[in-house]
Amino acid sequence: MNAIRVAVIGAQGRMGAQAVDAITEAEGLELVATLGSSDSLESLLEKSIDVAVELTVPASTEANVRFLVEHDIDTVVGTTGWDAEKLSGLEELLAKHADTAVLIAPNFSIGAVLAMRFAELAAPYFDSAEVVEIHHPRKLDAPSGTANHTAQRIAAARNDAGLPPVPDATEIDPNGARGAVVDGIHVHAIRQQGMTASEEIHFGSSGEALTIRTDSHSSSAFMPGIVTAVRSISDYTGLLHGLENMLDL
Ligand SMILES: NC(=O)C1=CN([C@@H]2O[C@H](COP(=O)(O)OP(=O)(O)OC[C@H]3O[C@@H](n4cnc5c(N)ncnc54)[C@H](O)[C@@H]3O)[C@@H](O)[C@H]2O)C=CC1
Ligand SMILES: O=C(O)C1=N[C@H](C(=O)O)C[C@H](O)C1
């Protein structure tokens, strides 16, 4: 069987550099292009790329991914900053490229993917739910893509179960101490030197609490997920939001 021909975009970044190594070492994958911020995406078109891995910055990712879809290249995206409007625009574009797939994965770590699933399962059983994410201070966006995705999934599970809004008597909060609110779920972002990425999901009901925590101690946590996604994306078409869609969770 022919090797899957892979390009990494954002190859000089923290994630991109590790992805280059992981793809180079992975059986059945062949790294054929690495692009940095000054390289043109056009250069990919003569290289018969099967899968592009996009690990850049929130300001660049949408244009990069749209270019790749327009040229029918399956794409695995780790970059954050994908809001509902950008996702629906991408879905519309993918509808015109019926054989092409894009995975937008807020988090490639299996621990984080499972934590989100556990949170979704727990959500209908608790009155209160809040998300706390902790990242390195170089991170450009807040709340993290993972925290947004977690809050959205908790909110959807609560909604499906017919739960009312989370209880909260706060009337006075001039400085935003209650954090961001994503689909009715409060999300708090901490930036801490020495951290890679962590998330805590706090649930509470009368007399009890449940805390789910996931820690990524280094970017190596994300590499098996990237390799899995690159290997399986050709089995899909359209937009997949979250690695869980490829893991049968
Ligand atoms: N989904 C996941 O599991 C993970 C996602 N991330 C996300 O991945 C993204 C990248 O993270 P890091 O590698 O830590 O950031 P980074 O800042 O170290 O790397 C980003 C790289 O992209 C390059 N770049 C910017 N615009 C570009 C363009 N148009 N074309 C090509 N390269 C371009 C920059 O020059 C830089 O080298 C962030 O959005 C981060 O939140 C980070 C870790 C895990
Ligand atoms: O910027 C990071 O580092 C990370 N970004 C992703 C996010 O925003 O959720 C994934 C992980 O948390 C690391």
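Here, each number is a calculation from the coordinates, and none is a lab measurement. If you're wondering where the values come from, they're calculated on a predicted model, not measured in any experiment. As a convention, Cβ positions derive from the backbone with ideal geometry for all residues, glycine included, and neighbour counts pool all protein chains shown.
Please give, to one decimal in nm, the separation of the simple spin-label points placed at GLU25 and ASP235, each 7 Å out from Cα toward the Cβ.
Between GLU25 and ASP235, the label points sit 2.4 nm apart.
What share of the DSSP beta bridges in the range 110-217 is antiparallel, in percent to the nearest 5?
75
So if the hydrodynamic radius of the range 171-249 is defined as the Kirkwood radius over C-alpha pairs, what does Stokes-Einstein give as its diffusion coefficient at 25 °C and 0.890 mPa s, in µm² per second?
150
Suppose we keep just the alpha-carbon trace of the chain; what are its Rg and Dmax in angstrom?
Looking at the chain, its Cα Rg and Dmax stand at 18.8, 63 Å.
When the dipole is taken about the Cα centre of the chain, and only Lys, Arg (+1) and Asp, Glu (-1) are charged at their Cβ, what size is it in debye, to the nearest 20?
440
Fewest Cβ neighbours within 10 Å first, please rank THR24, THR34, THR228, THR61 accordingly.
Ordered by Cβ neighbours within 10 Å, fewest first: THR24, THR228, THR34, THR61.
Counting DSSP beta bridges with both partners in the chain, what percentage is antiparallel, nearest 5?
Of those bridges, close to 45 percent are antiparallel.
THR75's amide H: which non-local residues (gap 5+, or another chain) put their own amide H closer than 5 Å, with H modeled 1.01 Å from N in plane and none for Pro or chain starts?
Here the answer is ALA52, ALA101, VAL102, LEU103, since their amide H atoms fall under 5 Å of that of THR75.
Going 7 Å from the Cα of ASP83 along its beta-carbon direction, which residues of the range 207-249 have the amide nitrogen within less than 16 Å of the resulting point?
Under 16 Å, as judged by backbone N against the label point of ASP83, lies no residue of the range 207-249.
Quick check for me: using +1 on Lys/Arg Cβ and -1 on Asp/Glu Cβ, what's the dipole size of the range 110-217 about its Cα centre, in debye to the nearest 20?
380
Once you have the Cα-Cα distance between ARG178 and LYS47, take 0.36 nm times their residue separation minus that, and quote the gain in nm to one decimal.
Net length gain for the segment: 42.2 nm.
Take the range 110-217, compute every pairwise Cα distance, and split them into 10 Å bins from 0; I just need the percent in each bin.
15, 47, 31, 7, 0
I need to check one value: relative contact order of the chain, counting alpha carbon pairs closer than 8 Å and at least 6 residues apart, in percent.
Once normalised by length, the contact order is 23 percent.
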